[in-house]
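Enquirer: Have a look at this one before I ask anything.
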Amino acid sequence: MGLQNRTRNLCVPSGRFNLKYNLIMKKILAITAIVIISGFSLLAQAPPTPPENAGGNGGPVGGGAPIGSGVVLLIAMAAGYGGKKVFDLGKEKLGK
């Protein structure tokens, strides 16, 4: 019986803290309602119209932007990350 009273007091505060608890819960409920309603209003907007030359000239989608240096940078960073992982693994095995 004593355990039930303690857990009941933990779930719902009583006495003078009840007013503070209700105020906090009302604020949380109001903030949640505002976030949900604003999310629905964003979904109600119409999508923008496409530009006039969308797909008309048959060019590449990216506009012919070069990606060569970006790929080299990505591969170099991946190799460096993999090298660090191997180095850390070897250091960990030497320590044991």
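Enquirer: What do you reckon, is T7 hydroxyl-bearing (S, T, Y) and modelled with pLDDT of 85 or more?
Expert: Numbers: hydroxyl-bearing (S, T, Y): yes; modelled with pLDDT of 85 or more: no.
Considered against the rule, which asks whether it is hydroxyl-bearing (S, T, Y) and modelled with pLDDT of 85 or more, T7 comes out as no.
Enquirer: Evaluate segment 17-37: report whether one residue or more is of a type outside the set (V, I, T), out of contact with any strand residue (DSSP E or B) (no Cβ under 7 Å at 6 or more places or on another chain) and at pLDDT below 70. Steps first, answer last, please.
Expert: Residues of segment 17-37 that are of a type outside the set (V, I, T), as a first pass: 17-23, 25-27, 29-30, 33.
When the remaining residues are screened for being out of contact with any strand residue (DSSP E or B) (no Cβ under 7 Å at 6 or more places or on another chain), the result is 17-23, 25-27, 29-30, 33.
Now narrow it down to the ones that are at pLDDT below 70: 17.
Yes, segment 17-37 contains at least one residue that is of a type outside the set (V, I, T), out of contact with any strand residue (DSSP E or B) (no Cβ under 7 Å at 6 or more places or on another chain) and at pLDDT below 70.
The values are calculated or read from the model by the stated rules, or taken from the named source; none is laboratory data. Small disclaimer: the values here were computed from a predicted structure and weren't measured. For neighbour counting, all protein chains shown are included, and Cβ atoms are generated from backbone atoms with ideal geometry for every residue, glycine included.
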